[in-house]
Ligand SMILES: Cc1cc2nc3c(=O)[nH]c(=O)nc-3n(C[C@H](O)[C@H](O)[C@H](O)COP(=O)(O)OP(=O)(O)OC[C@H]3O[C@@H](n4cnc5c(N)ncnc54)[C@H](O)[C@@H]3O)c2cc1C
C-alpha cells in the first residue's frame, strides 16, 4: 500500500518535492493550491492584450550556481539566455545597478580605475561608525552619505515601510559595490528565463501518474486525518490560525499599463527617490528578448505592509517577528506528520533556486528515512 501524502501549495517548493517523492514509487501525492493555477508566485501567463509573457506576481529571473538545480529545472523546460541588468533613477540621474565602476565614475564625474575606485569609496565611508547598529549605519560606514541618500535611503524606506535606522545592519551585510564594469545583477553561474514561462515548467514537474493536483482548493489543517503526512508551503502562522499573532510581511500592489513600442528600454528600473511612490517599474517583454511584440505591458510596483487578505510576499523578520516565529516553531515541533516547507512555510526570503534546492535535499532525506522521522522544517527558519 502506498502512503498518502498531502502537499499544500503548488509553487516550486511543493511541486519539486511532490515529483521527487512520486518518482520513488512509494507515495501517492495530492497537491493542493488555493489559487486557480500552479507555480505559486512564479506564475506566468500570456497577456491577452499584448501577447507578452507576464510574470503575474512580479518579475522572476532564474539564477543558480547549483549544478543539480540547473540540471533539474532544465529537464522540464528550455531556458532563453538572459542577464539581469537593472537601472536606478535617482535625484542625480539614471545609473547602473548594482553600484559598479561605471556608477561610481558617472555619479562622481571621475575616470577611476578599479584600485583607485576601491580607495575612493573607502574614503567616503563614515569612520566614526565602528559597530553599525542599523541598515543606515552600515550603509554610511561602507559608502558614505551621498551614495546612501541617493541610492538606498528612499528605496529602502519604500520597500520596508520603516526608517532604515530601524532595520538591522545584517540586511546590508556585504559591501554592495563592484569595482569593475560588471553590471550583471546576479553573480550566479547560470541565469535565464524559461521560453514557455514558469507555469509550463511547474505543470511538467507535476505531470506524474502518482501526483493528483487540485487547484482552487485550500488545504485546511482539518484535512490532515486523510493523509499519512502533510507538507505545508503556506504561511506557518496561518496554519495555526494566527492564534499567537501575525508574522509581518510586506505585500505588493502592481499597477498595470500598456503602451506601444518600448516604454523604458530595460526590463527593470528602480526608483530610488522617496518622493516617487513606487519602488520599480518592470517591462515584461524585455524578459524575452527573443520575442517581438509591437505593444508593451509594464507594472509599477508599490510596497505595503501585508494586512489580513493581502498576499504575503517578503517576510519582514524584525525582532518582534523573530520572537513570534520562535513560538510558532515550538508549536510546529510538537506536531506529528507535518513538515513546513518553502518560503512562507519557513518565513524566509528564498529565491527559486534555493527553494528547489531545499526540496531536492528534503526529498533525499525523506527517501532515506521513514515518515515518522521526517523533519518539521525543510530548513530551520532561524
Ligand atoms: C516580487 C517577487 C519577485 C521575485 N523575484 C525572484 C527572482 O527574480 N528570482 C528568484 O529566484 N526568485 C524570485 N522571487 C522568489 C520566488 O517567488 C520564490 O522563491 C518562490 O515563489 C518560492 O516558492 P514556494 O513554493 O516556496 O512559494 P510560493 O511560490 O509562494 O507558493 C506557495 C503556494 O502555496 C499556496 N498555498 C498557501 N497556503 C495554502 C493552503 N492552505 N492550501 C493550498 N494552497 C496554499 C499559495 O497559493 C501559493 O501558490 C521573487 C519573489 C517575489 C515576491
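Summary table
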{"read-out": "0 to 90° range, to nearest 10: angle between helix 352-368 axis and the chain longest Cα axis", "value": "30 degrees"}
{"read-out": "Once the Cα gyration tensor of the range 1-154 is diagonalised, semi-axes √(5λ) in Å", "value": "45, 20, 16"}
{"read-out": "Size-normalised alpha-carbon gyration radius of the range 287-350, reference 2.2 N^0.38 Å", "value": "1.71"}
{"read-out": "Per-residue Cβ neighbour rank within 10 angstrom, fewest leading, 214, 275", "value": "275, 214"}
{"read-out": "Residue 361/residue 34 FRET efficiency (R0 25 Å; Cβ-Cβ; nearest 0.05)", "value": "0.45"}
{"read-out": "Long-range Cα-Cα pairs in the range 230-382 (distance over 22 Å), rounded percent", "value": "55 percent"}
{"read-out": "17 Å tail of the calculated P(r), the range 160-297, as % of Cα pairs", "value": "80 percent"}
{"read-out": "Between 0 and 90°, nearest 10: helix 319-333 axis offset from the chain longest Cα axis", "value": "20 degrees"}
{"read-out": "Ranking of 153, 302 by count of other Cβ atoms within 10 Å, fewest first", "value": "302, 153"}
{"read-out": "Cα gyration tensor of the range 216-277 - equivalent ellipsoid semi-axes, whole Å, descending", "value": "40, 18, 10"}
{"read-out": "Evaluated at q = 0.18, 0.31 Å⁻¹: base-10 log I(q)/I(0), Debye formula over Cα of the range 8-51", "value": "-0.58, -1.05"}
{"read-out": "FRET efficiency for residue 23 and residue 222, using Cβ-Cβ distance with R0 set to 51 Å, rounded to 0.05", "value": "0.95"}
{"read-out": "Between the range 1-78 and the range 278-323, the Cα center-to-center distance that results, in Å", "value": "19 Å"}
{"read-out": "Per-residue Cβ neighbour rank within 10 angstrom, fewest leading, 273, 71", "value": "71, 273"}
{"read-out": "Rounded tilt (10° steps) of 135-147 against the dominant C-alpha axis of the chain", "value": "40 degrees"}
{"read-out": "Base-10 log of normalised Debye intensity for the chain (one unit scatterer per alpha-carbon) at q = 0.11, 0.15 Å⁻¹", "value": "-0.86, -1.42"}
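Here, each number is a calculation from the coordinates, and none is a lab measurement. Source: prediction; values computed, not measured. Cβ: placed from backbone, ideal geometry, glycine included. Neighbour counts: every protein chain shown.
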